[in-house]
Amino acid sequence: MKKFEDEMNTLIEDTVEMGKLASIMIENSVKALSEGNTELAEDTSKKYTRIAQLDSLIENDALRILMLYQPMALDMRVVATILKIITYLERIGKYSKNIAKAAIFLSTTPSVYSMDGIPTMGEVATKMVKDVVLAFENRDISKLHDYSERDSFLDRMRKEILRENMVQIHENPSSVDACIYYISVSRYIERVGDHSCKIAEKVTYMVTGKHVEID
Amino acid sequence: MSSDQNGFIKRSKKIDKDSIMRFVLMGIASVTVLIIIFIILFVFGNSIGAIKDIGIVEFLTGNTWKPSSDEYGALPLITGTVLVTAGAILFALPIGLASAIFISEVAPEKARNILKPISEVFAGIPSVVYGFFGLIVLVPFLRELFPDQLLYGSSWLAGSILLGIMALPTIISVSEDALRSVPSSFREASVAMGATNWETTRKIVVPAAISGISAAAILGVGRAIGETMAVMMVTGNSPLIPEPLWNIFDMVRTITATLALEIPEVVTGSTHYSALFLLALILMIMVLIINYFAKIIVKRTKRKFGESVSSSDSFISKHISTKRISSMERSAGLTLIFVLSMMIISLFTNLILSTVISVILIVFVLIINRLSKKIRSVDKQKIAHTTLFIVMTFVCVILFIIIGDIVIKGLPALSFDFITGYPSNEGRSGGIYPAIVGTVKLIIGTLIIALPLGITSGVYLSEYAGNTRLTKIIRSAIDTLNGTPSVVFGLFGMAALVIFLGLGHSLIAGCVTLAVMVLPVITRTTEEAISAVPKDLREASLAMGASKWETTTKIVIPAAFSGILTGIILSLGRAAGETAPIMFTATVVFQSSIPSSIFDPVMALPYHLYYLAAEVPGSTTNQYGTALVLLIIVLSMFMLASIIRYHSNKNIKW
Amino acid sequence: MKDNVIEINNLNLWYGEKQALTDVSFPIRKNKISALIGPSGCGKSTLLRSINRMNDLIAKCKIEGQIMYHEQNIYDPNVDVNSLRKKIGMIFQKPNPFPMSIRDNITYGPKIHGITDEKELEKIVERSLVQAALWDEVGDRLNQSALALSGGQQQRLCIARALSVSPEIILMDEPTSALDPLATSKIEDLACELEKEYTVVIVTHNMQQASRISDYTGFMYIGKMIEFGDTESIFNRPTENLTERYITGRFG
């Protein structure tokens, strides 16, 4: 029992680390973009290596636990949940890296117009990631009840940014490069929100044993 | 020589202790075996003379046994033994089986805990006490019951009844064990199909235990064949074949009685002497055959229940269906009933009336059979259980009558003077002090000789001897001697110790004879007690690096201790109560002082009782007193053994 | 290799005519738990009992090959088998405490091997019971009969008894098959504790037990060692088809 429990604890700790890393990455990448901070962007981009590493490591350990210990009930749900959410966390990390790369490019071009939308989106998405990681760590789903709404908000914002940027491109064809980046970034952030919803679904399953859908 | 770190290289100088002990034990066990072989050869050797002089065929088929006229036809004696035994089993088997079924299947737990010890108490009563009871109570009773048929009362019938009572405990005990060892899964499966308890008992349990029950019957037969004192006192001892053969009211004589009666007068080396040994040999051969059959049957039982549970299903489905008795079996059964009733009734009345009554009996049986099909199973069970209860009560009543009679009539005789005084007036008055002392001395002497030999041999056989052919032969020899009638030991003791070695009638001759008699028992019970210690205790000890000798002495023997002790106490109880072995080797009828040397003869309680009952009219009070004292001594030893066994069973749960 | 406390080389064993072990070779590594798994009758118990020469007790048993312990073949005629068994202890499937007090059970071994000093014996009793995770439960009633303990406690007592003579290696022959799940779990945790100081070899018919606690696993089938390796590889990707079929429950 003890051997098993030790390995489970390590697995959970690693997953929490990965989750916190992901939330830092999304937070910092958007920050780097809105502040034009290329250093922060570089730093954030590099963090992806660690997330990819954790993804492999945790997957290995989780499979090992399944194979050697045949966990039941909550233990089993924890391992199954971890196997799924690390995939989503890795994606979040990838999108964050992409946002950081966009930040580096956009720092060289003059700002076209004030992009309030993106930092706002970034805040919401970051909170979604942080909350869901906390929910996983504490096994407490009380903060997950409004993810549907938050995700809808991100969706609306993305459409708004798309419309604004299309207008921009028509009015000012030379800004097309920057605008395309802005459109991409908004898409990335919206995806981060989507994935957070998916993680929230899995964490809810882990805690309650029931499958839910968050649109 | 030895490496410090590893320490498991043998030092070449250290001698292997296990091998030494094995050798020593083998040596001591060999003494036991040699004694046994010696006895067998002695009996055989001394009977050769008769074989040569008389001829085996003539001996076995001759009709007249009259040594005074040089006629040695042993047929009447062999017939006597067979008839008395057959009658005894006929009486004891149904009653014993019914009691065993009652104890095992019907009686509630509390009743069982009382009834089992009661039947074991039966086994402890010495045969001379049974004989005494038979002579004083049973024979006159029969004389009252059948005044026309029985002039004197002593008869085949009396012998069979008494012998039957004596065989009851063996049959009850072994049958009950056989019934209990039927796996409960059999019973459960049957009841789960809707059968009543009685149906389950009748159709499943008893057939499943039939091997063990047969073994019980056979062991009962063995006990009966070897009985001496009791038959001697109630069969009349007339060496004639009954006329007609089934006339239970005729007097008969058994082989054992012949030995007991004629040994004192026989001349050493004469044809008569040799003929007696030949009789003893025949007796031993009969016992050998019986043991052989019992062993085969026991082996078959073990094999049958070693099989998996799946076989129980096929067994049950085979047996629980309403078995139609084939018509051939029916007619055979009816014929048998008819013939038997003809035989018995014709002893009382003429031929025509017997035929009429027998026919009525057959009709009666058929009607009952027809009616029984109409009775519901539940009622059948009530009838059956009630019948069993009645039988069990009957058995208990017999026991209480026997013991009660002796206690009631013996108590008045008991007094301080009786216990501490010397006999006077040929034993009619005075005390039995020398007899008590003599019995105690015999017990102690037997203990001293038999204990070390027996236990060592038992340890050797169970722990050190392999499963070679030699070991099997040794075990057969021990078993043969185990079943040998005590009178044969008396014969041996007299010829070899009293006469040949010139010890004369002496305490030492009696002790050696008794020791030799109980040696096989102690060896066997020790061996079984040790074998019963589970293998994994030995493995646990050896796996820790203990040697075999250490394992045997520190683990196995202590664990088997109570079993060994019980065996010893039971043997000693038997030794205390036996008459035949000491009659010809150690006892005299009267002593005025306690002897000081072991070469002097002694008085003993069993022999004193026999002497008073058979030879001294008018000594009834003291007879009862002697019987009571003997009973107290022997029964307390049996109870001690029971208590030890019960106490240890509580503590040790393997 | 220095890490190997025992090396089994080409071990062959016959019971009379029947060959029970064929060409078995594998190492037992120090301070690790090695498990032997396989279907009934595959020879795993026979193999285990060869390591402390308990098979010597069976008359018709013949052995070829070597079991090297401290660079010495234990089947060499010079070897004192009683000393060997002091170094290699054994726990059996059915708990078999002696019908004596708890204390006497544990002092039996040391006394056999020459320790008589009362104080030292008391220390050994306490140490053994502590190591077997039984001291808390029975430390105040050492005079009580060992048979009064529950099955799981009896088995831990047997472990304490084996530890009392300070062995190097502990052989366990299906030690939990007669126990309930809770007692089983305690024994498994105990084994994991013991491997810090001792080397453990365990035979089990429950392969999940092997996957839970062992570092190395050997799969046996009809007297042969089919595959032996570290537990994770064996259960993740066995190299032999037979092993895979057994582990996935396709037979056995």
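Each value in this text was obtained by applying a stated rule to the coordinates, not by laboratory testing. The model shown is predicted, which means the values in this text are computed figures rather than measured ones. Heads up, the Cβs are rebuilt from the backbone with ideal geometry, glycines too, and the neighbour counts pull from every protein chain shown.
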Problem - Straight-distance crosslink candidates among aspartates and glutamates, where the alpha carbon sits under 12 Å from C:LYS86 and sequence neighbours closer than 8 are dropped - result: C:GLU168
Handout entry: Backbone N under 15 Å from the B:ILE20 label point (7 Å along Cα→Cβ), restricted to the range B:512-550
Key = B:547-550
Handout entry: Distance between the range C:211-252 and the range C:14-52 - C-alpha centres, whole angstrom
Key = 14 Å
Handout entry: Other protein chain Cβ atoms within 10 Å, averaged over every residue that makes up C:80-89
Key = 6
Problem - FRET efficiency estimate (nearest 0.05) - Cβ-Cβ, A:VAL176 to A:ASP155, R0 22 angstrom - result: 0.35
Problem - Nearest 10 degrees, 0 to 90: helix A:117-138 Cα axis against chain A principal axis - result: 10 degrees
Handout entry: Against the rule of thumb 2.2 N^0.38 Å, how large the Cα Rg of chain B comes out
Key = 1.05
Problem - Compactness index (Cα Rg / 2.2 N^0.38 Å), the range B:55-320 - result: 1.18
Fill in the blank from the handout: Which of C:LYS87/C:LYS123; B:LYS472/C:LYS18; B:LYS295/B:LYS548; B:LYS548/C:LYS111; B:LYS295/B:LYS554; A:LYS20/A:LYS127 exceed 23 Å between C-alpha atoms? The answer is B:LYS472/C:LYS18; B:LYS295/B:LYS548; B:LYS295/B:LYS554
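Provide the convex hull volume over Cα atoms per residue for the range A:77-119, in Å³. Provide the component values of the computation, followed by the final result.
Values: hull volume 3.0 nm³, N = 43.
So the per-residue hull volume is 70 Å³.
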Problem - Helical contribution to [θ] at 222 nm, DSSP H n ≥ 4, -39,500 (n - 2.57), averaged over chain A, rounded to 500 - result: -30500 deg cm²/dmol
Problem - Inter-chain shielding of C:178-189 (mean C-beta neighbours from other protein chains, 10 Å cut-off) - result: 1
Handout entry: Virtual spin-label span in nm between B:TYR152 and B:LEU366, 7 Å along Cα→Cβ
Key = 4.5 nm
Handout entry: Two-site label geometry, A:MET76 and B:PHE416: point separation in nm, points 7 Å out along Cα→Cβ
Key = 8.7 nm
Exercise for the section: Just tell me which aspartates and glutamates come within less than 17 Å, Cα to Cα, of B:LYS52; anything on the same chain fewer than 8 places away is out. Expected result: B:ASP70, B:GLU71
Completion exercise
Restricting to lysines and to Cα separations under 26 Å from B:LYS110, and discarding same-chain partners fewer than 8 apart, the set is B:LYS203, B:LYS380, B:LYS382, B:LYS650, B:LYS653
Handout entry: Low-density loop positions, GluC sites (Glu not before Pro), the range A:23-115 - DSSP coil, at most 11 other Cβ in 10 Å
Key = none
Handout entry: Spin-label model distance (nm) - A:HIS145 vs B:ARG300, 7 Å beyond Cα toward Cβ
Key = 8.1 nm
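Just counting partner chain Cβ atoms within 10 Å, what average do the residues of peptide C:96-103 show around their Cβ? List each step's numbers first, then the result.
Details: counts 10, 2, 7, 10, 4, 0, 0, 0.
Partner-chain Cβ atoms within 10 Å, mean over residues of C:96-103: 4.
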Exercise for the section: Collect residues whose amide H, placed 1.01 Å from N in the peptide plane, falls under 5 Å from the amide H of B:ASN63; neighbours closer than 5 in sequence don't count. Expected result: none
Handout entry: Residue-averaged [θ]222 nm for chain B, counting only DSSP H segments that reach four residues, each worth -39500 (n - 2.57)
Key = -23000 deg cm²/dmol
Practice task
Taking the Cα centre of the protein assembly as shown as origin, work out the dipole magnitude from +1 charges on Lys and Arg Cβ and -1 charges on Asp and Glu Cβ, in debye rounded to 20.
Solution key: 2200 debye
Practice task
Could you run the Debye sum over the Cα atoms of the range C:36-185, one equal point scatterer each and no solvent, and tell me log10 of I(q)/I(0) at q = 0.16, 0.18 Å⁻¹, two decimals?
Solution key: -0.94, -1.12
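Residue separation times 0.36 nm, minus the C-alpha to C-alpha distance between B:ASP405 and B:LEU34: what's the value? Before the final figure, lay out the partial values.
On the way: separation 371, 0.36 × 371 = 133.56 nm, distance 4.44 nm.
Full-extension gain reported as 129.1 nm.
Please identify every one of the GluC sites (Glu not before Pro) in the range C:1-67 that sits in a loop by DSSP and has no more than 15 other beta carbons within 10 Å of its own beta carbon.
Working: sites: C:GLU7, C:GLU17, C:GLU64; in loops: C:GLU17.
The qualifying sites are C:GLU17.
Using only alpha carbon pairs under 8 Å that are at least six residues apart, calculate the relative contact order of chain C and give it in whole percent. Intermediate results must be reported in sequence, preceding the final value.
Details: 459 pairs, mean separation 71.5, N = 252.
Rounded, it is 28 percent for chain C.
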Completion exercise
Using alpha-carbon positions, the gyration tensor of chain A gives root eigenvalues a ≥ b ≥ c; with a/c under 1.5 called rounded, otherwise prolate if a/b exceeds b/c, else oblate, the class is prolate
Fill in the blank from the handout: Longest principal axis of chain A (C-alpha) makes with the long axis of helix A:2-35 (C-alpha) an angle, in degrees to the nearest 10, of 10 degrees
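Quick one: Cα convex hull volume of the protein assembly as shown, Å³ per residue? Could you put the intermediate results ahead of the total?
On the way: hull volume 293.9 nm³, N = 1121.
Per-residue hull volume (Cα only) is 262 Å³.
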Problem - trypsin sites (Lys or Arg not before Pro) within the range B:376-427, DSSP loop, no more than 13 other Cβ atoms inside 10 Å - result: B:ARG376
Practice task
Would you order B:TRP65, C:TRP14 from fewest to most other beta-carbon atoms within 10 Å of each residue's own beta-carbon?
Solution key: C:TRP14, B:TRP65
